[in-house]
Amino acid sequence: QAQPTAGATPAPTTAASSGNQLPTPTSFRATTVKDVNAALEYPSSWVQDALQQSTDGTLLDIHSPTSQQIGIGFSLMRYSSATSTSFTSADEINQGNVQGFSQLTGVTNMQTVPSTGSAPTIGGVAWTELDASFSNSNSVKIDMMSMAVKHNNVYYNILVLSPDIYYTEAMQKYIQHIFSTFKFLS
C-alpha cells in the first residue's frame with residue numbers, strides 16, 4: 001500500500017501556535033481524477049503529484065509546496081476491486097495506516113487519538129475515521145487523520161498529515177475546503 005513518507009516533513013522554524021502561521025489560500029484549483037473516481041478543490045499554490053498506480057489501487061497525493069516547508073499533505077487512495085475484497089471494514093484500512101506508519105524508519109511515539117466527533121460526511125457519504133500522532137525523524141510531532149469508506153463496493157482512504165503546530169489551522173484553511181468540495185464521480 002503506497003503511503004507518503006513520514007520523514008519528509010521538515011522541522012518547523014518556529015514553535016509558535018498562534019493560529020495564523022499558514023498562508024491563506026487566494027484561490028483553489030479544481031481537479032477531476034477519473035482514476036480515483038473523485039473531483040475536489042485544493043489550494044492553488046499546492047502541488048498535485050503524478051498518480052501512483054499499483055495492483056492495490058491508485059493514489060492521488062496533494063501537498064503544500066516544499067518551498068513553504070510546512071509539510072501538510074492530503075492523499076486519496078482508491079483501492080482496486082480485487083484489493084477491496086480483501087478488507088473486512090473501513091476500520092481495518094485505518095488501523096493498517098497507523099500500523100504501517102508506526103513501522104517507518106524515524107517514526108516514534110505513535111499513539112492513536114480519541115475521535116472528537118461523529119463520523120465525517122465527505123462526498124455525501126459517512127467515512128470511518130482514526131486519528132493518530134507520532135514524532136518523525138526530526139522530532140517534529142505529526143498529526144495524522146485516516147478516513148476510509150466503502151463506496152460502490154470499492155474502498156477509499158483519505159490520509160491527512162500535518163505538523164501538530166499547524167494541524168488545527170491547516171484543517172480550517174485547507175482540508176475542510178477539500179472535504180466540502182469532494183465528490184465521487186460515480
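The values are calculated or read from the model by the stated rules, or taken from the named source; none is laboratory data. Keep in mind the model is a prediction, meaning the values are calculated, not measured. FYI the Cβ positions are ideal-geometry reconstructions off the backbone, even for glycines, and counts take in every protein chain you see. Surface areas here come from the heavy atoms of the whole protein model, side chains and all, with no ligands, DNA or RNA. Shrake-Rupley method; radii C 1.70, N 1.55, O 1.52, S 1.80 Å.
Every listed requirement among (1) within 18 Å of the chain's Cα centre (by Cα); (2) polar (S, T, N, Q); (3) modelled with pLDDT under 95 is met by Ser67 save one, (1). Among residues that are among the hydroxyl-bearing types (Ser, Thr, Tyr), in contact with a strand residue (DSSP E or B) (Cβ under 6 Å, 6 or more places away or on another chain) and more than 14 Å from Leu159 (Cα to Cα), Thr128 is not included.
Yes or no, residue by residue, for (1) modelled with pLDDT of 95 or more; (2) among the acidic types (Asp, Glu); (3) part of a helix (DSSP H, G or I); (4) surrounded by 15 or more Cβ atoms within 10 Å (Cβ to Cβ):
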position: Leu40; (1), (2), (3), (4): yes, no, no, yes
position: Arg78; (1), (2), (3), (4): yes, no, no, yes
position: Gln95; (1), (2), (3), (4): yes, no, yes, yes
position: Thr116; (1), (2), (3), (4): no, no, no, no
position: Ser133; (1), (2), (3), (4): yes, no, no, yes
position: Ser139; (1), (2), (3), (4): no, no, no, no
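Give the residues of segment 140-170 that are among the β-branched types (Val, Ile, Thr) and either under 14 Å from Met110 (Cα atoms) or in contact with a His (Cβ under 8 Å, 6 or more places away or on another chain) (or both), sorted by residue number.
Filtering segment 140-170 down to residues among the β-branched types (Val, Ile, Thr) leaves 140, 142, 149, 154, 158, 160, 165, 168.
Scanning segment 140-170 gives Val140, Ile142.
Of all residues in segment 170-181, those satisfying the criterion of being open to solvent by 10 Å² or more (accessible area, probe 1.4 Å) and either in a strand (DSSP E or B) or farther than 20 Å from Thr112 by Cβ (or both) are Gln172, Lys173, Gln176, His177, Phe179, Ser180, Thr181.
Number of residues in segment 149-169 that are among the hydroxyl-bearing types (Ser, Thr, Tyr) and either without any contact (Cβ under 8 Å) to a residue 40 or more places away in the chain or assigned to a helix (DSSP H, G or I) (or both) equals 3. Considering only residues that are without any contact (Cβ under 8 Å) to a residue 40 or more places away in the chain, farther than 20 Å from Gly96 by Cβ and among the hydroxyl-bearing types (Ser, Thr, Tyr), which ones fall in segment 106-139? Of everything in segment 106-139, those that are without any contact (Cβ under 8 Å) to a residue 40 or more places away in the chain, farther than 20 Å from Gly96 by Cβ and among the hydroxyl-bearing types (Ser, Thr, Tyr) turn out to be Thr116, Ser118, Thr121, Ser135.
For segment 101-114, the candidate set comprises residues that are surrounded by 13 or more Cβ atoms within 10 Å (Cβ to Cβ) and of a type outside the set (Val, Ile, Thr); within that set, the residue that is nearest to Leu185 (Cα to Cα) is Phe101.
Would you mind stating whether Thr116 is over 21 Å from Gln53 (Cβ atoms), among the hydroxyl-bearing types (Ser, Thr, Tyr) and touching a Leu at 6+ places or on another chain (Cβ under 6 Å)?
On the way: over 21 Å from Gln53 (Cβ atoms): yes; among the hydroxyl-bearing types (Ser, Thr, Tyr): yes; touching a Leu at 6+ places or on another chain (Cβ under 6 Å): no.
Judged against the criteria, Thr116 is not a match.
Of the residues in segment 166-185, not one is hydrophobic (A, V, I, L, M, F, W, C), modelled with pLDDT of 95 or more, over 13 Å from the mean Cα position of the chain (by Cα) and over 26 Å from Ser44 (Cβ atoms).
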